[in-house]
1. Determine which member of the set 188, 199, 194 is modelled with pLDDT of 85 or more and buried (at least 16 other Cβ atoms within 10 Å of the Cβ).
2. Take the residues of the stretch 35-66 that are farther than 17 Å from residue 104 by Cβ and at pLDDT 85 or above: which is surrounded by the fewest Cβ atoms within 10 Å (Cβ to Cβ)?
3. Within the stretch 88-120, which residues are assigned to a loop (DSSP other than H, G, I, E, B) and open to solvent by less than 40 Å² (accessible area, probe 1.4 Å)?
4. For residue 123, only one of the following conditions fails: (1) crowded, with 16+ Cβ neighbours inside 10 Å; (2) within 24 Å of residue 34 (Cβ to Cβ); (3) among the hydroxyl-bearing types (Ser, Thr, Tyr). What is its number?
5. Looking for whichever is polar (S, T, N, Q) and either in contact with a His (Cβ under 9 Å, 6 or more places away or on another chain) or more than 30 Å from residue 152 (Cβ to Cβ) (or both) here; the options are 53, 116, 58, 111. Which one fits?
6. Name the residues in the stretch 67-78 that are assigned to a helix (DSSP H, G or I) and either in contact (Cβ under 8 Å) with a residue 24 or more places away in the chain or within 16 Å of residue 185 (Cα to Cα) (or both), would you?
7. With the structure loaded, tell me whether residue 163 is open to solvent by 50 Å² or more (accessible area, probe 1.4 Å) and over 17 Å from residue 101 (Cα atoms) or whether it fails that test.
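The values are calculated or read from the model by the stated rules, or taken from the named source; none is laboratory data. Bear in mind the structure is a predicted one, so any value in this text is a computation, not a measurement. So basically every Cβ, Gly included, is an ideal-geometry build from the backbone, and we count neighbours across all protein chains shown. Surface areas here come from the heavy atoms of the whole protein model, side chains and all, with no ligands, DNA or RNA. Shrake-Rupley method; radii C 1.70, N 1.55, O 1.52, S 1.80 Å.
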Amino acid sequence: MKIYLLAFASIVTSLAILASTRGNLFDDQASRDRDIAFLVDIHLGHGEFADKSTTFVSQIADKIGSDLEMVGARVIDQELFQTILLGDLTERYETKTRKWIKGLYLMHLNSREIQSLAEYARSDEGRDLLNMTHPLDQKPSKRVAAFFDGPGRPIAERMPALKTDVELFFHEQSILVSEHISMARVADIAERPDVVAFDDESKRAEAVAIMRTLHNEIDYGASLIPN
């Protein structure tokens, strides 16, 4: 009986240790996920990313408006024009970007490295440096060098692989934007007399038909993709 009791006690102890280890693992993962979520917010500049996306779309809308004037048309409701043109693009673009950044962290960095970056990002210097809505080459070179010699060293060491992932991502985002802000979409808007007016109304149908044949030969969407 004593042997059975000892064996049972050993099993209970093992289960307790396993449960504790599993709990610590979940705590570590939760902490890592909080760090990544915080870093993503820092990278996207909180609301700055959405603001910049809206600014880019406004620039594209201005370009499309200028092109419409060449065929005797003009935008008469700029706000509605941009709303229809933009649709849910900003939300889709940001959601995809957030998911991509999180994936990069999980693929290339371990929990300790992520924690170190998050701690750095909580400083004023780190928050400014890691805000990706402002190009890195516009920031003090000494500060950038110090970052890559410090908490950013794991990023510097993995830069070739990261660069490949970044190029692939921006290519995918370019496709997303170009498909959204397509000539077909512009043609749909040009059909609406409450948004676009033609000097000669009889030319509307002809102009819209021509737009639909262009597909995406005019790539307005590429204007949204940073260099």
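1. So the residue among 188, 199, 194 that is modelled with pLDDT of 85 or more and buried (at least 16 other Cβ atoms within 10 Å of the Cβ) is 188.
2. Ranking the qualifying residues of the stretch 35-66, first place goes to 66.
3. 109
4. Of (1) crowded, with 16+ Cβ neighbours inside 10 Å; (2) within 24 Å of residue 34 (Cβ to Cβ); (3) among the hydroxyl-bearing types (Ser, Thr, Tyr), only one is false for residue 123: (1).
5. 58
6. 67, 68, 78, listed by residue number.
7. No; evaluated as a whole, the condition is false for this residue.
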